[in-house]
Structures are given as structure tokens and as C-alpha cells.
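What follows is a set of notes on a single structure, which appears directly below.
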Amino acid sequence: MNTFLHISPITASILVMLFPLLAFIIQAVLGKKSISGNIALIGIIASAVISLFGVFLPGWNSTSVLQKWEWFTIGEHTLYVGILVNNLTALMQLVVCIIALPVHIYSRAYMKGDSGIHRYWMYLSLFCFAMLGLTVSLNLLQLYIFWELVGFASYLLIGFWFTKETAVQANKKAFLINRIGDIGFLIGIALVYAHCGTLDLSTLFDQTSSTPLIDKNTPWATFAGLAFFLGAMAKSAQFPLHVWLPDAMEGPTSVSSLIHAATMVAAGVFLLCTVFPLFNETVLLVIVLIGTLTALSAALFALGQYDIKKILAFSTISQLGFMMVGVGIGAWDAAMFHLTTHAFFKCLLFLCAGAVIHEMAHLKAKAQLEFDPQDLRHIGGLRRFMPKTFGCMVIASLSLAGFPFTSGYLSKDSIVITAYEWASHLGGVYVLIPVLLIIVSILTAFYIGRLIFKVFFGSFKYRSYIKTGMTFHEAPNAMLIPMLFLAAGSLFPLFGLSLTNYHHTWIMQALDVDTVYPTLTQAHLFIPALLTGGAILGWLLGWNWYVKNKYPLSENNSFVHFANKQGYLNEFNDRIFVKGSIKLSRILYAFDRHVVDGLTNLFSWFVRQLSVVVYWFDKHVIDGLVNLFAHATYYIGHLVRHVQNGQLQAYLGFALTIVVLGILYLIIK
Amino acid sequence: MITLTHFLVVSACIFSIGLYAVLAKRNTIMILVGIELMINAAILNFVAFGKYDKINYGGQVFALFAIVLAAAAVAVGLAIILNVYRHFKTINPENIHELKD
Amino acid sequence: MIESLLFYAFASMAIISALLLVNIRNTARALFLLFIVLFAMAGLYLFALADFIAITQILVYVGGVLILLIFAFMLSNKELLNDLQSTSKRFISLPNWQALILALAFLGIMIYSYIGWSQHMPQWIAQSEAKGTIILPTDNNIKALGFKFMTQYVLPFEVISVFLMMALIGAAHLSRKEDKE
Amino acid sequence: MGVLSILIFLPLVATLLILTLPSSAKATYKYIALGFTFLQFGLSLYLYGNFDATLGGIQQLDAYQFVEQLSWIRMDLGAIGKLEIDYLIGVDGISLPLIVLSTLVMLMGVGASWNIDKNPKGYFALLMILNTAVMGIFSALDFFLFYVFYEVMLLPLYFLIGIWGGERREYAAIKFFIYTLLGSVLMLLVIVGLYFSVINPVTGAHTFNMLHMMNPANYVDGSFFAYITNYHEVFGIPARLIGFIVLFFAFAIKVPIVPLHTWLPDAHVEAPTPVSIILAGILLKVGGYGIIRVCYSIFPDIAAYTNWWLALIGVISILYGALNALAQKDLKRMIAYSSVSHMGFVLLGIASLTAEGLSGAMFQMVSHGFLSAALFFLVGVLYDRVHDRYIYNFRGLASLMPKYTAYVAIAFFASLGLPGFSAFIGEAFVIIGAFNAESMSTGVPRWMAIGGSIGILLSAAYFLWTLQRMFFGQTRLKGGQAWQEALTDLNIREQVILFPALALALLLGIMPSLVFGNLNASVLQLIELIKP
């Protein structure tokens, strides 16, 4: 059938990993070369092709295959590195490749002319390697390594323009918050290792064995589950650890689209899906709650943002919240499905935004204006200049809003409907969760509508410059082609021919998870209707507000401020955690210097004083005694010496004194 | 009635004064004078006691001897003083301490 | 009575002059004060019934020793005078009080022992008083002395004469100028 | 004369050679030192290559390798018995990685000494004596011999800091010396106590042999440190506990633990770069090695009894060191405090008494060895150029010195435990071991492990913050144009020194079996010894 048939999926996935690594190494060795973009591109093309034909097509829907090699032995346990290919990992790997490929192509145009371009490609290749390695890791420790490497690559890429103060602040923040998650992940690994003695995913979650290794209702399993979730929370930007993601938009837009929208942030969801068998109900409930909270809060924050990329970032956070809810309710197949579709449309959204920003930045540079090219308030009416971009962005937005005929419709509905089924199965206050999700969906439609209206409708503020000969044109082909490709991916046919029933998509069919709760057919009807209706209503409102300029809220509305400032979370964190720990560290250092070292110095001072005292004692008492003898002798000698002063009178005086004394003695006697 | 004790007391006074002069004076001539005083005190004692020795006249005889010796001593002493003065350009005994070890 | 008054007069004159003598700065005056002391002492000898001694005192001391001292003093050069003047600016210097204490100690001891004696005289005095062998104011002392010198004390007399001569020759030798050397 | 002896005494030959050469040939000193350390490095690799990883060591002499045993001092002391001191050296899985590490760090140290102008003769001679002492410590199996090497190590260091150091070098040198001497003097007391408690089963004489001290059967009944039949108490504390605490104290000063760490920042800040490298790279490891080889092996009963406290000290050191590092404004001082934090992991791992924790601790020592060496070297590079290390005086160095920044970034990320680098393996397995401790019921609770893992977060915080403050942003230097010209990028020599260290960090991060493989048998043996 094809040339990859004789390669096993294992070898193929190793190759998939190795190509970007090879690209990275070559670029790192070569250093500053203009061809570096080509190397990275070749690497990712090879990876994508192999991933599709060597891993995904042969591996999909067949039994999971794995291969492991001994890594090292520690104590009585031996750790293995290995490759695990099953539906989940193959899908994830393919998603990464398929998203990375257009982003690479797009970047060639987008990053053209940047002075540090070779670094960009190097980092991007490193990221691809780490991300692809993450997807197929067999061992949890191996997974962790790639997990952190992904974070590292993200750190490098966020801080790509390292002379920009905000960028380096953002990348530090991103890495540190990810570190918090990593510690959770590490604790989870340690707990699993301590109780099971292995980190091998295939052994740990062996569905076939009759006695599972993990009794998930033990306290440690709860703890470990929460720890893993903490890891996922940081990576997938869940409330309250989401604060790094909006700031991470300081990186190049292409990076944002690949890393901070489509792939890396989804790694948390992927992790949860991987270790799903570990979770008991407590953990799952926590996941649902956090997911809902995240979806809601991020959607609210998105409403108040003016920066295009920040809106999209919050949108990403919100959608990740959806995925978390999907995992939490047990439908991790739905979560993975949404992850996949989200990867396409969110990447597309970012690329479109990038195209807009690119043009705006060009305009800014040419016209020598001073404005933020990402600020919504400066953009408007662009649909005339960039119709194709506009088209792509509309498709992506519809998909995000969950409009029928788009992939988003299927995947989002799958989560909301399953959540409804889950809630109605449990009853009580759990119903609040799907209700909130529906509200968030409508809010999503509204804020993405706001974005579209503000960018592409209305009047363009800098129109006058264009009349004076400045060109403002459609994105170049190198950018357009990837966008069109992703736009195609955002539509439903890629995932299944069924327009409405997400159960019929191939992803859901393959991953299908048995849920304990029954399927409610009526929910499949009214919830999509509700969502679509709500979305349309939201758009109408948005059209009224933003296009017709009937904006009802004042600038100083405290809610808008609250949303714009992201709920003052950054300020809160800054004040409590950052300032707090710096202050604590200062106090501790002062303590160290003054108390601990002070004690040492005090002790040394004391010893020195003691030595002074002892020396004094030695000098004045011990030596004093010796000297006393000497002095006494000397003094007596001196005294007697006075007698011998050579003066007659003195001699006489002494002689007479003795005589007097003698006589006195005689008299007294 | 003038008793022996009267003489003795007077001689003791003169002797002490002479002693003081010998010990305290910064002037060699005055030391000689002091010596003379002491000798005189001694002579006074001689004669006072000599009153009770009619047989031998020891007191008066030795008083005469003492006077003679004193005269000789002064002569020699003055000669020495002059020599010392020539030698040391001072007659302050404090400054003459060649005897010092 | 008048005898006692005279004795006290001589005694006080001797003592006061002696005190002045040691406390005066000017050596020349001191030497003249010595003159008075020696006179007073001679007077006191008279009260001890030693008239010849008194005369000898005046002859030898006042006429010989004192003149010798004054001459020696006068003959020594001016520097000596200055030197004498400059010394001992202090009224009582440190060695002075030492000397004073020593002198007073001697005085005390002597007075103490004389007071002891005033109760019981030495045996030989009491004996001679009892025998009556004491010199009386009516005795011819000079004659008696002459006899004694020529008989009983002839050897010491001769020895002392030779000694005196030796001393005088020696003094003359010592005080001669040594310019030649 | 075996390989090990040659390894130990080779630097002494270098010392003699350096001392005998006239001062006119002073340019050759560094080449001599370099040549000999290179030879040593080769020898240590030979040891590594010929090491049989299946043999445990610890308390079995026949499981040691490259053993050399010579009677050194034999003296009949009459009533006290026979004095028996052996020249006994050998290598097991615990000492082998540290020997290889030491030779490598020494090589780096000599490389970093290239620009020493002040009395090179004395400098290199002292450096080589230090080298001998360090090798001796890591291979001595006789306690007396160990002690001799331990003391010999102090002297050259004192002079190296005190003569070639910075502004307050005398203060730092004396502080270092007094601190360490305090520990070693206390150690001597216990050594003597042990000597009178232990009998060589073959000759019946008292012995200094550490391996005999590890065997309960060799203790004289009722002696001061006797195992089972021991009723000796000092102030109500059992004698063996006292002995353990005193020995621990001696080595803990070296590690160093909070609150005995205050010599470290001062010594590092004042020491010249190569000495800092050796201090951080090798000497801190002597502390960790001593705890494993001496405290834990000779007093296994007490080790099991006290490990809760040791782990607590470890956690406190981790957090305390990290927070202090966060507050530093002097780059070198920050790295010194980070050493305190990283060595806290060693203590935590050792105290966990699990195979993972102990291996992790050993691995952390090795990894910290060359990583801290690289870090101090990097600081030295900056200091060489502008004689300033104050973090706020630099900004945006990345644009000025891209290669340097790359190396710094790699070293920082490697140190903060980025997976793929060696520090990660060490720290991760310390944490895992500490978690495992509860399953193994060795008495270290899990919250300590969590506390330790917060240290990883803090280490990221201070390294990244420093990176951001010094290297990123617009270039702005305190020294202005003059500094801009002085701050040239890394030269070939510096890269040659740095590259192997960082490459090794990467290599060990990817293939930890290079260390773990040789370590494992010994670690298991030790665990076996502690938990009979």
C-alpha cells in the first residue's frame, strides 16, 4: 500500500521524534545560518509524513503496541524507556505533527527578517521533538522529562525577543508556574513509584490483567491523582495557575498558535487521559470543578481584553476548561476529541490574528506610527483588505462558538451533552455544571464575535495612511496556505460525515469510553439547539454593540475593569506570592547573615574575648607571678643598689639608720 | 644647779644638728662644719663627764686630743675638698658619685 | 642662779646658732654662725669646769679651724660660690627630711637614754661623787693637765703630735697646685 | 604499587617537580599540573572501565576493588595493646563515581587556574597536594589514613583561599579553617573511641580498619561504642548516638547543612575561581561521602534511628538555601547558597534510607560536582572580565555575549533540574526515594519529600530571575562603555573547560546508568547493612 508498511509503528514513532531532534542538533551545531528554516521544515515534514503513514494509519484502531529498552537500574527496580503506540498516543502525535507543519510553513513568512531567526527554528525543532516525545512515552518519568522539555522550549520561545522586558518577565512566569505543576507531576510519579514500584504505563494501567496494580480508592491514589492534576493544571492553564498563558502571548504569534493554543497546553489534558485509570471520584470531581471554574472565569476575562492575542489566550484557557470537564466527567474521549478539533481552529485563529498583527506591524513601521498592533481599539474594517484571512477567521470562530457544520460543534457538544448526562445521573447541584458550561459556550460565541466584529467590521482607523500610498494587503501565500489548510480542518468532514452526532466521528468511535451513566437522547437535541441559538443571539447582540456602535457599557465599568485586569489575579499573585517569597527570602537572608552567621561570629567573638581574658590572666596573673618574683628581686636589688649610689651622705645616712635601728632594738629589748 | 644631764642634752642637740648637717647639706664645706659640730658635741660630753674623773683627767685630756684631731681633720678635709673641686668642678656631694659601683 | 642663767644662755645660743647654721643658705654666713656656735660651746666647757679646754677651743677652733675654713671658702673661685648658691633651692629637699628624721631619731634616742641616766647615774660617777674625786671650781686644771700630759698620757700626746704634723703636711701636700702635671 | 596508589600519589610527584623547578620555569608549572591531572583523569577512567559493578563493597573487603593493604604502623603499646594502622585503600560503588568526579573537577580547576600570576609555584604545588588529599579521602578504608588525608586537605585550602583569595580572604580562610577543623577534631575523638572498641578478629589487636568497625561482631563487649552490650551514656545519651552525632557533625559542616553553612558563602565569595570550583565540586562531596562511608556504615543502628532528623535538616537546608539564594545580589554568593540547597537534597536522599534516595543522593553529588564547578567557572569568567559580580550591575548580557549566555543558560537550567540534565535525575530520585521511605517505613514522612520538591521550584525561581535580570532585556551595564569592551565572549580555553562539564551533565541526564550501574550493588549492600 505504501512504503512505510514494512516499518513497525514503534520505529516510525521513533523516527517521528528523531527528525525534529536531528534538525535541532544540526541547527545548534551550524549556528547562525540562513538555511536553518529549511532544516526545521524538512524535519517536520518528514515527521508529519511518517506520523501519518507510519504510525497513525497502521496503528489506529489496532491493539496498542509497545517496545521498551532498559534505561537504568536503581535499587531493585529497573526503569525502562519505551514507546507506546495506541489510539490515544497515535492521535496526539498526529495532531502535533499536523498542527506543527502548517505553523512551520507559516513561520517562514511570518518570522522573515528577524535577526534571531536561526534560534527560532532551533527552539521550534526542540519543541517539536519534546512534544512528539511526550506523546509516545511509555514511562511516566520519560513522559515527565519531555513534559518539562516542552516547558523549556516554551520558555525559550516566549522569551524569544529577549531584549523585550515584558517577554522575559512572561517566560520566567510561565516556567515558574509550570514548575509548580511539574512538582505536582513529580510527586504523583513518586507516589506511583513508591506504591507500585514501576512507572511503566503499560504495566500500571494494564486493562487486561485481572488484578489492577492500583487500588484507586486508597488515600494515596487520591493524593497522587490530585498531584497529577496539579501538573496538568499548570500546563493546561487551569484556574488559578492560568496566569502565565495570557502573558505568554509575548512570544511570536506563530509560537502562540502552536504551543500555547494547539499542542503544549493540551498536554495537560493528554496527561490526564493517559493516567485516567488512576483517578477516583474525588479527584474527578475536583477536575470537573476546576475545569468549570476555569472555563467560566477565562470566558469572563476574555470579554474585557483589548489585545487580540490575549482574547485568544483566554479563549484557549476556557476551552481547556471544557476539556478538563470532559476528563472529569469520565468522558476523556470527548476531551481528546475536543482537544483535536480545538487544536485546528484555535491554531487557525492565532494564525489569522498573526496575519492581522503582521500587517498592522508593517503599517506601523512604514507609517512610523506609535501604537500597539495587537490592540483591538486600533484595528477595524479589515475585511476589505484581507478577505481570505477574514474567511478563515470566521470559520475558526464559528467552530470555536460551536456552530453546526464545524468540528467545534461536534466536539463541544460532546462535552456539554455528556456533562449533562453525567449531572442528571448524579442529580442535585451537579446540574449546575452543564448549566455553567452552556453559559460559557454562549459567552464564547459572544467574545469571539466581538473579536471578529472589532477587527473586520467597522471603519479602519488608519485608512488615511493607506490612501497616501501605504499598502495594506492580504497575507502572503506562505501564510495563507497553512491557514486555508487549517480552515479545512476546522470543518466537520474531517472528523466524520455525521453532521450532528458526535458519536459517529471516527475519533469518538475509536477512543470510546464506557461511561457509567446512560445516554440521554433528548439531550442530543436540545443542548445543541440551545448552544446554537445562544450563540446566534450573542452575535446579534455583538453586532449591535460593536458594529452599530451601540455599546451600552461605559469605559469605567468595574466589571469591564475586573475582566480586563483578569480578576486582579496577577496583582494578587504578585503581591502575595512573588513579593511574599522575595520578602521571605530577604528576611531569611538577614536571618542568615545576622543570626546564623551572627551566632558564628558571636561565638568567635566570644572565643576571642575569652582568649583575651585568658591572655590577660596569663599576662597578669601567671606571668605576673613570675614577674613579681623578678620584680621583687629587681626591686630589692634596686633598693639595695640605692645604697651603693656613691654618695657619702647616703652611705652615712644608711649606716646611721642601721645604727639607730640597732639602738632602738637594744632599747626595746 | 647644772647637772650632767644638762650638758648631755645640749650636746645631744648639737650632735643631732651636726648630724643633720652632715647628712643633708649639699655643700662639702658645710659637711665639714657639721662634723665639727658633732666633734664639739663629743668634746662637750668629754668635759662634762671629765668632771667626775679627777684622778686621771681623762675627759679633759681626750677633749684636747679631740680638738687637735679635729683640727687635723679639717685641714686634711679642706685640702681634699679643694682637690675634689678641682677635679669635679663642684663640691656638691650628690654630683660626686665616683664611688658608685 | 646667775650661773644657771648663763648656762642656759650659752646652751640656747649654741643650739639656736647651730640650727641657723644648718638652715642658712649662704655658706659665708653659716661659717660665721659656726664661729658663734664654737664660742658658745667654749662657754659651755667653762661650766663643765674645763677652762683649758675652753681656751684651746677658742684658740684652735676659732683661731685655726674656722679661719682655715673661711680662707678655704674665700680662696676657692667664684664659680664655687655660684655653684653653692644655685644648689638647694628647696628649703627642705627630699634627702633633708630623711636626714632630719635620722637626726631627730638620734636626738630622741640620746635624750631617752639621758633621761634614763638621770634616775641612776653610772656606777663610776656615783663612786667618784661618793669619794669626792670630782673636779671642783677651785682646782688648778691647767697644772693638773700639764702633769698628766707629761706623765700618764705622754705616749698618746707624742703620737698625736706626730699625727697632727702628718696631717698638716698631708694637707699642705694635697692642697698644692697640680698645674705641673 | 597499585593503580589506586598511583592515582593518589601522582599529584605529589607533580608537587615535587614544581617545587624543584626553578622560578624561571614558572610558565611550565601549569602544564605540569595539567599533565598530571590529565594523567590522573585517565587513570580514574581506567578504574571506571575496569570496575566490576556487581560487587557491593561497603563492609566486605573482598567486595572492594583495586584494594591495596600494607602494614603501616605497628606498635606495641604494652597494656593498651597493639597499635595497628594499615595503609588500606580500595574502591567500591560509593567511592568510584566520586573519584572520577574529583579527577574531572581537578582538571577543570587546573584549567581555570590558567591565569594565576601570583606565585604560581606555591599555587600549583598546593593545588596538587590538595589533589592527593582528596583522592586519598575517597579511597582510604582505614580510619586513621582517612583522617590523615582529611587533615592534609585542609591546609592547602586554607592557603589557597587565604593567599589567592579576594578582599576579605583572611576572614574567609580562617572561618573555613576553624569550622572544618572543629569538625575534624571532634571526629578524632570518636576515632579514638572506636579504636578502643573494635578488635581486628584476625590479630586480636585494636584496629583503625573501617571495615572492621562496620561489623558488630568485632566490637569488644562493654566497650564504649559496643553494639549490643552497651550501657555507656554521656549526659544520658547513649554512647553510640553521641558518636554518630559527632561524626555527622564533622561531615555536616563539610556538606554543609543549615545552620553550619555560614563558612560556605564567605569561602566561595573570597576564594579564587579554581578554588571555588574545587570547593564546590569536590569538597562538599567529602561531607556527603563521609556520611555514607563513615556515619552510616559504622553506625547503621543509629542511622536508622536518627534519619527523621537528618531528613528534616536536609529539607530545611534545601528550602533555606534556596530562599537565601533568592535574596542574593552577588552572583557568586547566590550560587554558593544554591549549593547549600542542592546539597540538602543529598542529605534528604541519604536520610531516606531507600535505594532510590541513596542512589539519588550519590547521583546528585556527582551532578552537583561538575555543575557547580561549571557555574563557579562561569562566574569567574565574568569576574575576570570586569571584576564585578553584582547582579544588578549587569543587564542584557545576552546581546553582548551570546555564547556565554548560552552556556550560562544551559548551566542554570541543568542546575535547576531540567530533565535531560543530570541534576534532574538526582533530585527526582531523591524525591522519589523520600516518598518511597514511607512505604519502606524508614521513618521519613512524605511532607518532607514535598518540602524538598518545593526546593526544586525555588531553585527555578532564583536561577530564572537571575537569568532575566542579568542576561535579558536591553543591554545596560554599570561600567558603561568600558565594560562593554571588556566583556568579550568566551574564548576557546573557557569553552574547552565548560563544554565537557555541560556535555557530561547532559550525558548523565540521558544515561544515568553510567553512574547508577556502578552504584547499585553498593547502595543495596548499604541498605542491607542498615536494615538487618
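Any read-out appearing in this document is the output of simple, stated calculations on the displayed coordinates, not a laboratory observation. Computed from a prediction, not measured in an experiment: that's the story for all the values here. Because the Cβ atoms are built from the backbone with ideal geometry, glycine has one as well, and the counts that use them run over all protein chains shown.
Excluding D:Thr180 itself, calculate the net charge of residues whose Cβ lies under 12 Å from the Cβ of D:Thr180, where each Lys or Arg counts +1 and each Asp or Glu counts -1.
Charge balance near D:Thr180 sits at +1.
Using amide H atoms built in the peptide plane, which far-off residues or other-chain residues are under 5 Å from A:Ile74 H to H?
A:Leu79
Would you calculate, for chain A, the mean residue ellipticity at 222 nm contributed by helices, counting each DSSP H stretch of 4 or more residues as -39,500 (n - 2.57) and dividing by all residues, to the nearest 500?
So the calculated ellipticity at 222 nm is -22000 deg cm²/dmol.
Just want the answer: with Cβ charges of +1 for Lys and Arg and -1 for Asp and Glu, which residue in D:Phe143, A:Gln142, D:Trp483 is farthest toward the dipole's positive end in the protein assembly as shown?
Farthest towards the positive end: D:Trp483.
Along the stretch A:103-111, what does the Karplus equation 6.51 cos²θ - 1.76 cosθ + 1.60 (θ = phi - 60°) give for ³J(HN,Hα), rounded to whole Hz, x for Gly and Pro?
Per-residue couplings from phi come out as 5, 4, 5, 4, 4, 4, 7, 5, 9 Hz.
Over 26 Å, how big is the tail of the calculated P(r) for the stretch D:159-295, in percent of all Cα pairs?
For the stretch D:159-295, the fraction of Cα-Cα distances above 26 Å is 36 percent.
As an exercise, use a Förster radius of 56 Å and the Cβ-Cβ distance of C:Ala9 and A:Phe629 to find the FRET efficiency, rounded to the nearest 0.05.
0.35
Pairs B:Lys54/C:Lys131; A:Lys309/A:Lys364; A:Lys173/A:Lys310; D:Lys285/D:Lys531: which exceed 22 Å Cα-Cα?
D:Lys285/D:Lys531
Output the 0 to 90 degree angle, nearest 10, between the alpha-carbon long axis of helix A:387-401 and the longest principal axis computed from the alpha carbons of chain A.
Long axis of A:387-401 versus the principal axis of chain A: about 80 degrees.
Angle between the Cα long axis of helix D:331-352 and the longest principal axis of chain D, 0 to 90 degrees, nearest 10?
30
For the stretch A:316-419, build the charge dipole from Cβ charges (+1 Lys, Arg; -1 Asp, Glu) around the Cα centre, then report which of A:Phe403, A:Gly321, A:His342 sits farthest towards its positive end.
A:Phe403
Please give the helix A:308-328 orientation as an angle from the longest Cα principal axis of chain A, in degrees from 0 to 90, rounded to the nearest 10.
80
Send over the Kirkwood Rh of the stretch A:560-610, from the inverse of the averaged 1/r over different Cα pairs, rounded to one decimal Å.
Hydrodynamic radius (Kirkwood, Cα pairs) of the stretch A:560-610 is 13.7 Å.
Starting with the fewest neighbours, write out D:Lys478, A:Lys172 ranked by other beta-carbon atoms found within 10 Å of each beta-carbon.
The most exposed by this proxy come first: D:Lys478, A:Lys172.
Where Lys and Arg each count +1 and Asp and Glu each count -1, what net charge lies around D:Phe345 among other residues with Cβ under 14 Å from its Cβ?
With Lys, Arg at +1 and Asp, Glu at -1, the net is -1.
Please state the charge dipole magnitude for the stretch D:8-110, taken about the Cα centre, from unit charges on C-beta atoms (+1 on K and R, -1 on D and E), reported in debye and rounded to the nearest 20.
560
Restricting to DSSP loop positions (anything but H, G, I, E, B) with no more than 12 other Cβ atoms inside 10 Å of their own Cβ, which GluC sites (Glu not before Pro) remain in the stretch D:122-189?
Here the sparse-neighbourhood loop sites are D:Glu167.
Which whole DSSP H helices in chain B pass both tests: a Cα extent of 30 Å or more along the axis and a mean Kyte-Doolittle value no lower than 1.6?
Long hydrophobic helices here: B:28-50, B:58-88.
Pop out the Kirkwood hydrodynamic radius of chain D from its pairwise C-alpha distances, inverse of mean 1/r, in Å to one decimal.
Its Kirkwood hydrodynamic radius stands at 23.2 Å.
Return A:His104, A:His631 ranked ascending by Cβ neighbour count within 10 Å, so the fewest neighbours appear first.
The order, fewest Cβ neighbours first, is A:His631, A:His104.
Under unit Cβ charges (Lys, Arg +1; Asp, Glu -1), what dipole magnitude, rounded to 20 debye, does chain A have relative to its Cα centre?
2300
Given the DSSP H assignment, sum -39500 (n - 2.57) over each helix run of at least 4 residues in chain D and divide by its residue total; what's the result at 222 nm in deg cm²/dmol, nearest 500?
After summing the helix terms and dividing by residue count, I get -22500 deg cm²/dmol.
At what distance in angstrom do the alpha carbon centres of the stretch D:1-32 and the stretch A:6-57 lie from each other?
The stretch D:1-32 and the stretch A:6-57 have Cα centres spaced 51 Å from each other.
Picking from D:Ser44, A:Gln649, D:Phe345, whose Cα lies most toward the positive end of the charge dipole for the protein assembly as shown (charges on Cβ: Lys, Arg +1; Asp, Glu -1)?
A:Gln649
When Lys and Arg each count +1 and Asp and Glu each count -1, what net charge do the other residues less than 15 Å away from B:Val61, Cβ to Cβ, add up to?
Value of the local net charge: 0.
Based on the alpha-carbon gyration tensor of the stretch A:270-316 and its eigenvalue square roots a ≥ b ≥ c, which shape applies: rounded if a/c is under 1.5, prolate if not and a/b is larger than b/c, or oblate?
Since a/c reaches 1.5 but b/c is at least a/b, the shape of the stretch A:270-316 is classed as oblate.
If the only charges are +1 at each Lys and Arg Cβ and -1 at each Asp and Glu Cβ, what is the size of the charge dipole of the protein assembly as shown around the Cα centre, to the nearest 20 debye?
Value, rounded to 20: 4460 debye.
Looking only at GluC sites (Glu not before Pro) in DSSP loops with at most 16 other Cβ atoms within 10 Å, what is the longest site-free stretch of chain A?
The segment A:77-369 is the longest one with no such site.
Measuring from centroid to centroid over Cα atoms, what is the spacing of the stretch D:115-156 and the stretch B:57-89 in Å?
Value for the Cα centre distance between the two parts: 91 Å.
Gap in Å between the Cα centre of the stretch D:401-469 and the Cα centre of the stretch D:293-344?
Taking the Cα centre of each part, the stretch D:293-344 and the stretch D:401-469 sit 13 Å apart.
Provide, for the stretch D:1-160, the number of lysine pairs with alpha carbons under 16 Å apart, each pair being eight or more places apart or on different chains.
4
In the stretch A:611-639, whose amide N lies under 17 Å from the spot 7 Å out along Cα-to-Cβ of D:Ile174? List them in ranges.
A:611-616
Per residue of C:35-48, count partner chain C-beta atoms within 10 Å of its C-beta, then hand back the mean as an integer.
5
When the convex hull of the C-alpha atoms of the protein assembly as shown is computed, what volume per residue in Å³ does it have?
345
Could you calculate the FRET efficiency of A:His638 with C:Leu104 from 1/(1 + (r/R0)^6), where r is the beta carbon distance between them and R0 is 25 Å, rounded to 0.05?
0.40
For D:Asp489, D:Asp52, what ranking results if the residue with the fewest other Cβ atoms within 10 Å of its Cβ goes first?
D:Asp52, D:Asp489
How would the stretch A:3-568 be classified by its alpha-carbon gyration tensor: rounded, prolate or oblate, with rounded meaning a/c under 1.5 and the a/b versus b/c comparison settling the rest?
Because a/c hits 1.5 or more and a/b fails to exceed b/c, the stretch A:3-568 counts as oblate.
Non-local amide H neighbours of D:Asn209 (under 5 Å, H modeled in plane, Pro and chain starts lacking H): which ones?
The answer is D:Phe143.
Could you tell me whether the stretch D:413-532 comes out rounded, prolate or oblate from its Cα gyration tensor? Rule is a ≥ b ≥ c as square roots of the eigenvalues, rounded for a/c under 1.5, then prolate if a/b exceeds b/c, otherwise oblate.
It is oblate, given that a/c is not under 1.5 and a/b is not larger than b/c.
As a test of understanding, state the convex hull volume per residue of the stretch D:1-122 from its alpha carbons, in Å³.
Dividing the Cα hull volume of the stretch D:1-122 by its residue count gives 141 Å³.
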